[in-house]
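The values are calculated or read from the model by the stated rules, or taken from the named source; none is laboratory data. Remember, predicted model here, so these are calculated numbers, not experimental data. Cβ atoms come from the backbone with ideal geometry, glycine included; neighbour counts cover every protein chain shown. In case anyone asks, the SASA skips ligands and DNA or RNA and just uses the protein heavy atoms, side chains included. Shrake-Rupley method; radii C 1.70, N 1.55, O 1.52, S 1.80 Å.
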Amino acid sequence: MIIVANWKMNKDLTETRLFWEDFENKITLDSDFLLQKENILIAPSFPFLHHFQTKCSEKISVVAQNCHHDNSGAYTGEVSVKMLNSIGVKYVIIGHSERRMHFNEKDDILKKKINLCLENNLCPIVCFGETHEDRALNNHLSVIEHQLNIIPVEGNKKIILAYEPIWAIGSGKTPSIKEIEEVHSYVKGLYNLPVLYGGSLNEKNANDILCLPEVDGGLIGGASLLSDTFFSILKVANNIMRSKI
Ligand code: PEP
């Protein structure tokens, strides 16, 4: 089970510290807590990655929300995989729909980012998912298959996929359980990789979604910002993992 918190452009240093103090207490004091650092991934903003890596990486894995598609160069404001590597970060979110939408990231750029991550031993968490229109037209599976053409097929690569229907992100709406099952089974038929679900996942719907055999975990935005709600979702994941032992 892999649970990823994507904080996007939220939390300053004080808020980041306060979250961690509270969250660390919760996971340390809970004697029933099985999840390890490979199960709990948190993506704070770039300025706090190093702080997180230094203070928190014994208990969780630190994730970058993005990286540049070139190794280095005249790209003011950008962050390279070498920089991420040098502070010990091991995961990068690639192709989030907000990056595709607001920063015009296209498949050729995303492909370069994925390859650069893999060459540098960083695990890309690659997001994909249909628009509301695609689903209404029943085109969602072909759109998804096309989006996933950026995934290298040769070799045994460490890649995590995250199904995030665009219309479900931050909207409070989720696909039905059957619809989630359909997409996850389809993608798992194409790629032998873990597939997370993301899009309005919260403490109320977490059990129904995370207990599906085709769902390997969750990518969580809004509900990961408060340590209480994020911990509640982790407890759901924890109980599902415990029930499988
Ligand atoms: C996301 O942006 O990756 C996400 C899943 O957001 P939310 O949980 O807020 O829908």
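For segment 126-194, chymotrypsin sites (Phe, Trp or Tyr not before Pro) meeting the loop criterion (DSSP other than H, G, I, E, B) and having at most 16 other Cβ atoms within 10 Å: Tyr191.
If you take all other residues with their beta carbon under 13 Å from the beta carbon of Pro44, and give Lys and Arg +1 and Asp and Glu -1, the sum is +2. Here the Karplus curve 6.51 cos²θ - 1.76 cosθ + 1.60, taken at θ = phi - 60°, turns the phi angles of segment 189-199 into couplings of x, 8, 9, 8, 9, x, 10, 8, 10, x, x Hz, with x standing for Gly and Pro.
Computed in the context of the full set of protein chains, the accessible area of the chain at 1.4 Å probe radius has 51% of its extent on carbon or sulfur. On average, how much accessible surface per residue is there in the chain, in Å², for a 1.4 Å probe, leaving out ligands, DNA and RNA? The answer is 48 Å² per residue. With K and R counted +1 and D and E -1, the other residues having a Cβ less than 12 Å from that of Asn66 yield a net charge of +1. For segment 194-219, the residues whose amide N sits under 14 Å from a probe point set 7 Å from the Cα of Asp228 along the beta carbon direction are 203-204.
From most to least packed by mean Cβ count within 10 Å, the peptides 216-222, 95-101 give 216-222, 95-101. Calculated FRET efficiency, Asp32 and Asp108, Cβ-Cβ r, R0 45 Å, to nearest 0.05? Calculated transfer efficiency: 0.45. Restricting the trypsin sites (Lys or Arg not before Pro) of segment 147-245 to loop positions (DSSP other than H, G, I, E, B) with no more than 11 neighbouring Cβ atoms within 10 Å leaves Lys244. Pairs exceeding a 26 Å alpha-carbon distance, out of Lys55/Lys82; Lys26/Lys244; Lys82/Lys112; Lys11/Lys158; Lys82/Lys158: Lys11/Lys158. Each peptide among 57-69, 10-22 gets the average number of other Cβ atoms lying within 10 Å of its residues, and from highest to lowest they stand as 57-69, 10-22.
Within segment 107-146, name every residue whose backbone N is under 20 Å away from a label modeled 7 Å from Cα of Asp70 along the Cβ vector. So the set is 107-120.
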